[in-house]
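Here, each number is a calculation from the coordinates, and none is a lab measurement. What you see is a predicted model, and the numbers here were worked out from it, not measured in a lab. Here the Cβ is made from the backbone with ideal geometry for all residues, glycine too, and neighbour counts use every protein chain on show.
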Amino acid sequence: MKQEFQIISDLIEKNTRVLDVGCGDGTLMEYLKHNKEIDIRGIEISKDNVQKCLSKGLAVIEGDAEKDLLQFPDSSFDFVILSQTLQAFLSPEIVIKELLRVGKKAIVTIPNFGFWKVRLHLLFKGTMPITKNLPNEWYNTPNLHMCTIKDFYNFCEDREIKLDKSLALQNEKISSINEFNLNVKNLSAELGIFLIER
Amino acid sequence: MNKNVNIKKIVIDKPLKLDCGQTINNYSLAYETYGSLNKKKDNAILVFHALTGDQFVSGINPITKKEGWWFYAVGSGKAIDTDNFFVICANVIGGCMGSFGPNEVNPDTNKIYGTNFPVITINDMVNAQFNLLNFFNIEKLFAVIGGSMGGMQTLQFVSNFPDKAKVAIPIACTASHSAQNIAFNELGRQSIMADANWMNGDYSNQNKNPNKGLSVARMAAHITYLSKNGLQEKFGRKLQERDDLKFGFDADFQIESYLRHQGSVFVDRFDANSYLYITRAMDYFDLIKEHNGNLPHAFENTKTKFLIISFTSDWLYPTSENKEIVIALNAIGADVGFVEIESDKGHDSFLLNVPKFLNTLGDYIKTTYSKN
C-alpha cells in the first residue's frame, strides 16, 4: 500500500492541483499532502468515509464518480488519481474518459487479474481468486470489471490514450512495462500503475 | 416579557442602504458571545441564526429560560467548542430579540413600526452583522456558520466579503429559495394576516396580538421541519391522554397536541410582524439571480474553505439544493467539502442531537483550525 502511495507521489509534480477519485478514508490524500506541496481534493461515495475525510479537514465531497465528475470543468486538475477503483465502476470506459477530461493527466492503478497467483488459484482451485489485493468472495466483491495489466495496456493503445508511464509493482519492486515485456509483467506483477493522458 | 434584561446591543452609526432602497441609521444590533477572543484574534466564529432563532445560541436563553437554540452544537467541549473559540451571534435585523425590527419604536412617529418597517433581505442582514467585526476589532473571522436561513447568510457573507472568513459552513440551505418554500412561507404569512388581531400590522400600537394566526403559522412550518418517518415513529396514531377517539375536534392525537403546544409556546417568544419580514427575506433570497444565473460567480474571488452539509430526510432544503452550491464551488476550483448526513429528523436535524453530524462538524473545525 505504502509503496503504491510512494509511486503515485513520485509521479505528481509540485504545486499542482490534484483530484483523488474514490479517495476512501483520505489516507492517500493525507500522505500526498504531507509529502508534496499540492492542492488536493477528493470525491468518495461512502458516507462513512467522507465523514472520516472531513474530520481530517480534507476537501472531500460525497459523490459518485460515474455521475459527479461532470461538475468539474475540463482540465480543472493537473492530476486525477484513481487508485484501485476502476474495476468497481459500472462503466470503467466512461470513467476513464471523464478522468482524462477533468485532469490533464490521470494516474490509474489496477489490481492485476493476470498475476500468476490469481491464475493458479483459478486453474487449480477452480474458484474465484482471493488474494491480498482481491480479498472478497465472488458474491460480495465490489469489483465488477476485473482486468489485467495487459487488458488495460491494450485498452489505452486502442483508444490512443497516451501511456506516459506504465509501471509494475511486485514485492515492493517497481519495474517499467513496455510492449516487449508486457506478457511477463502481466504474469509477475500484482499491481499496475499507469500515468495516462489524452 | 421584559426584553431589555440581559440583552447586549451595539448601535451602528454607519448608515446602511437596504436592498429596498431605504437607508437606515443608528440601528441596534443585539448580540451574544460565548468563549473568549484570543490574543491573535484568529478564533472568532460568527454564527447566523435561522428564521425563528436569536442571538442566544448556547447556555440558557435569559428571555425564554430555555436552552439556547444550538445547545447541541455550541458550548464547552461541543462541536463548536467555546473553550477554544469565540462565538458571536447577533439577532438579525427584522428580528424581535433586541435588534432593529418591526416591533421597535419608529423615532419619527413614536409609534411601533409594524408594517411601516422596511422590507429587509438576507443581504441586508449580513451587511448589518458585518459591523460586528469592527466592533470586536476582528480582521478576519475563523468561520461563518449557520443552518437553514443561517446557511443563506453564510453564503451571502462569503459572497459579499470574500476574504473575511477562513472557513464557511452553510448547513441544510439553498442558494435560491424554492417555489415550495415560498409557498410554505406564504401560508404562514396569510395565517397571521387572517387573524383579526393582526390589525394590518398595527397590533402592538393597539394592544392586540395575532397569536392565533402566528400559532397556526408556526404549526404549519413545524411540520416542514420534520420528516414523515420521524413523525410516524414519534407519534404514529397515538392518542393524547385518552383511550379512544372522542368524535370531536379536540386534540385526539398526540401529533395534534404536540403541534398546538409548539404553536402556543412560539407566540410567547416571537413577534408576528417579524415572522412576516423574515420569511419575506428568505423568499427574496436568490444568490443565483443576483449573479445573473451564474452561481459560481458569487464566490469567484474567495479563498474561503467551504464545508457543506445536508441531511437525507430534509425535504425543505433537500440535498439536491445543497449540492448545487457544491457544484458551483467546484466549477471555480474552490476548496469544498460536502457530505449528506443520514438522519430521519428532517430539516431540524441540524438543531438536534445527530452524532454523525456533530462529530463531523466538530472534527472538521478543530482540524482545520489547528492546521491553520
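Roughly speaking, what is the centre-to-centre gap between segment A:62-86 and segment A:93-133 when only Cα atoms are used, to the nearest Å?
Segment A:62-86 and segment A:93-133 have Cα centres spaced 18 Å from each other.
Count neighbours as other Cβ atoms within 10 Å of each site's Cβ, and list the trypsin sites (Lys or Arg not before Pro) in segment B:241-280 that are DSSP loop with at most 16 such neighbours.
Those that pass, being in a loop and sparsely packed, are B:Arg242, B:Lys246.
Please give the per residue volume of the convex hull enclosing the alpha carbon atoms of chain A, rounded to a whole number of Å³.
On the way: hull volume 22.6 nm³, N = 198.
About 114 Å³ per residue, rounded to a whole number.
Tell me, Kirkwood radius of segment B:182-279 from alpha-carbon pair distances, in Å? Provide the component values of the computation, followed by the final result.
On the way: mean 1/r = 0.0688 Å⁻¹.
This gives a value of 14.5 Å.
A:Arg41's amide H: which non-local residues (gap 5+, or another chain) put their own amide H closer than 5 Å, with H modeled 1.01 Å from N in plane and none for Pro or chain starts?
So A:Arg41 has HN proximity to A:Val18, A:Leu19, A:Asp20.
Given the -39500 (n - 2.57) contribution per DSSP H run of 4+ residues, what per-residue ellipticity at 222 nm results for chain B, rounded to the nearest 500 deg cm²/dmol?
Counting only the DSSP helices, I get -10500 deg cm²/dmol.
Go through segment A:94-138 and name the trypsin sites (Lys or Arg not before Pro) that are in a DSSP coil and have 15 or fewer other Cβ atoms within 10 Å of their Cβ.
A:Lys132
What whole number of Å gives the distance from the Cα centroid of segment A:135-166 to the Cα centroid of segment B:154-186?
43
Using only alpha carbon pairs under 8 Å that are at least six residues apart, calculate the relative contact order of chain B and give it in whole percent.
18
Can you pull the percent of Cα pairs in the protein assembly as shown with separation above 42 Å?
Pairs farther apart than 42 Å: 33 percent.
Here are some pairs, A:Lys56/B:Lys323; A:Lys52/A:Lys117; A:Lys2/B:Lys371; which of them have Cα atoms lying more than 30 Å apart in this structure?
With Cα atoms farther than 30 Å apart: A:Lys52/A:Lys117.
Ranked by Cβ crowding within 10 angstrom, fewest neighbours first, how are B:Trp198, B:Trp70, B:Trp315 ordered?
Details: B:Trp198 23, B:Trp70 26, B:Trp315 15.
So the residues, fewest neighbours to most, are B:Trp315, B:Trp198, B:Trp70.
Which whole-Hz ³J(HN,Hα) couplings does segment A:41-49 yield from phi under the Karplus relation 6.51 cos²θ - 1.76 cosθ + 1.60, θ = phi - 60°, glycine and proline marked x?
10, x, 9, 8, 8, 7, 4, 4, 5
Looking at B:Phe161, A:Thr127, B:Leu329, which one has the Cα that reaches farthest to the positive end of the dipole of the protein assembly as shown (charges on Cβ: Lys, Arg +1; Asp, Glu -1)?
Going by the Cα projections, it comes out as B:Phe161.
How do B:80-91, A:26-37 rank on mean C-beta neighbours within 10 Å, highest first?
Output ranking for B:80-91, A:26-37: B:80-91, A:26-37.
Helix A:149-158 versus the longest principal axis of chain A: what is the Cα-based angle in degrees, 0 to 90, to the nearest 10?
For A:149-158 against chain A, the angle is about 70 degrees.
Looking at the protein assembly as shown, send over the antiparallel percent of its DSSP beta bridges, to the nearest 5.
Once the DSSP bridges in the protein assembly as shown are tallied, antiparallel ones form about 45 percent.
So what are segment B:270-360's ellipsoid semi-axes, whole angstrom, largest first, if each one is the square root of 5 times an eigenvalue of the alpha-carbon gyration tensor?
Semi-axes, largest first: 24, 22, 11 Å.
Using the Karplus equation 6.51 cos²θ - 1.76 cosθ + 1.60 (θ = phi - 60°), what ³J(HN,Hα) coupling, rounded to whole Hz, does each residue of segment A:175-185 give in order, writing x for Gly and Pro?
Once rounded to whole Hz, the list reads 9, 7, 9, 9, 4, 7, 9, 3, 5, 5, 5.
Would you mind calculating the relative contact order of segment B:182-279 from Cα pairs under 8 angstrom and at least 6 residues apart, reporting the percent as a whole number?
30
May I ask for log10 I(q)/I(0) of segment B:253-292 at q = 0.32, 0.35 Å⁻¹, from a Debye sum over the Cα atoms as equal point scatterers with solvent left out?
The Cα Debye sum returns log10 ratios of -0.96, -1.01.
Whole-Hz Karplus ³J(HN,Hα) for segment B:243-260, in order, using 6.51 cos²θ - 1.76 cosθ + 1.60 and θ = phi - 60°, x for Gly and Pro?
8, 8, 4, 9, 6, x, 10, 5, 6, 5, 8, 4, 5, 5, 4, 4, 5, 4
Hey, how much of the P(r) for chain B falls beyond 40 Å, as a percent of Cα pairs?
Roughly 12 percent, rounded to a whole number.
Order by neighbour count: A:Asp164, B:Asp283, B:Asp54, B:Asp202, fewest other Cβ atoms within 10 Å first, most last.
A:Asp164, B:Asp202, B:Asp283, B:Asp54
Need one value for B:327-334: mean number of C-beta atoms belonging to other chains within 10 Å of its residues' C-beta atoms.
5
Using modelled backbone amide H atoms (1.01 Å from N, in-plane), which distant-in-sequence or interchain residues come within less than 5 Å of B:Phe306's amide H?
For B:Phe306, the qualifying residues are B:Ala168, B:Asp335, B:Val336, B:Gly337.
Excluding residues on the same chain fewer than 8 positions from B:Lys8, give the lysines whose Cα lies under 19 Å from its Cα.
Filter leaves B:Lys65, B:Lys66.
Around A:His145, with a cut-off of 14 angstrom between Cβ atoms, what is the net charge of the other residues, counting Lys and Arg +1 and Asp and Glu -1?
Local net charge: -3.
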